[in-house]
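What follows is calculated from the coordinates using simple rules that are stated; it is not laboratory data. Remember, predicted model here, so these are calculated numbers, not experimental data. Here the Cβ positions follow ideal geometry from the backbone for every residue, glycine too, while neighbour counts run over all protein chains shown.
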Amino acid sequence: MNAGIRGRRRTAAVIATAGALALSVLNAPAAQAKDTGIVVSDLVINNGKPVVVGTSRVVEPSFTFDIALPPGYDTNHPFRYDAQPFLYQRSVLFPEIEMGIRTCFELSLKKAHCEGSLSIDPDPSQEQIVSNSDATTWKIGVALALFKDNGDLVAQEFETRPGGVSLRRAAKLSVADATPEPVAKGKKLTLTSKLTRANWTTHKNGPYAGSTVSLQFRAKNAATFKTLKKVTTNTAGGLRTTVTASADGFFRWVYYGNTTTGTATSGQDYVDVR
C-alpha cells in the first residue's frame, strides 16, 4: 500500500483474486457492450518499466490508476462497478494477460484510487506466453462494467489505452570465474562466464549467442565497478577473455539487455593478486 493512500477507506470488496476476475467483467456477453461512463486516468503498469519473464515463475507487475464514476454510482456501492486493466496483442476484446489482484481506496463518493498487479504465468497451459515472438510491446486495455444491485450487467466496454508494456525474456549470467587464483601481479587472468535467456518455446533457458557483455572490476577497497572491456558471446553463449592482474578485487560480467531480453549480472569472483 502506498503511503499516500494509507488510512483512506478501502471500498469494500473491490478486490479481485487470481483466476477469478471480479464480477466476471471479461466474460460478459459482447452484445451488452455500451459506454459505462467510467473514466480511468493515470494508469501506470510496472512503474513504466519493461516486464521480464522467465520460464517458470509467475510474474506480477504492479499497476495503479484512478477512476471517476458516472451519475447514479458511488464508492459506497463498490459491487455496482468494476474496472480491470489487462494486456493484449491481437484484439482488445480478447485479453491475454489479466489482473491478479486489486484494491481500491475511496478518494471521494465519485472517485477512487486503485492499485494491484497483473498475473503473467509462462506455463504453456495458461496460453499467455506461447512463443519467443511474444517478447514485444503489448497493448494496454481496460475492461469497465456497471451492475444492478442484484448483480445483473447494465453496461460494459473494453477501452484501449495509449502506450504499451514491453515484455522481455529473462537473461542469466553464470558466476564469473577467474583463473588462476591466486595470481601474481602483472600476470594474465582468464575470465569466463555463460549468458543464457528464457526460451518461451521450449520453456527452458538456452544459450544467447552474439551478445555483447561487459567485464567489470571493483578493486578491494573501491565503492564501484568499472568496465574493463566488452566481449561477445560465442555460439554456446560462452564468454572468455584475458586481463592483466593488477590489484586484489572483484570481477563480474554485466549484460545490459535489449528490446526483447532483460538485463543480467553475474555473481562475483574475488581474486587475490600477490
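Structure notes:
- One Cα centroid belongs to the stretch 45-92, the other to the stretch 115-136; the line between them spans 15 Å.
- Other residues with beta-carbon under 11 Å from the beta-carbon of Gly249 carry, at +1 per Lys or Arg and -1 per Asp or Glu, a net charge of +1.
- Candidates per trypsin sites (Lys or Arg not before Pro) in the stretch 212-248, loop by DSSP, up to 15 other Cβ within 10 Å: Lys220
- For the stretch 27-114, the set of GluC sites (Glu not before Pro) satisfying both a DSSP loop assignment and a count of at most 13 other C-beta atoms within 10 Å is empty.
- Cα-based shape type of the stretch 68-197, given that a ≥ b ≥ c are square roots of the gyration tensor eigenvalues and the cut on a/c is 1.5: prolate
- Net charge contributed by nearby residues that have their C-beta within less than 15 Å of Thr259 (K/R +1, D/E -1): +3
- Calculated from the structure at hand, P(r) over Cα pairs in 10 Å bins from 0, in percent is found among (i) 7, 25, 23, 17, 14, 10, 4, 1, 0; (ii) 7, 34, 39, 19, 1; (iii) 7, 28, 33, 23, 9, 1, 0 as (i).
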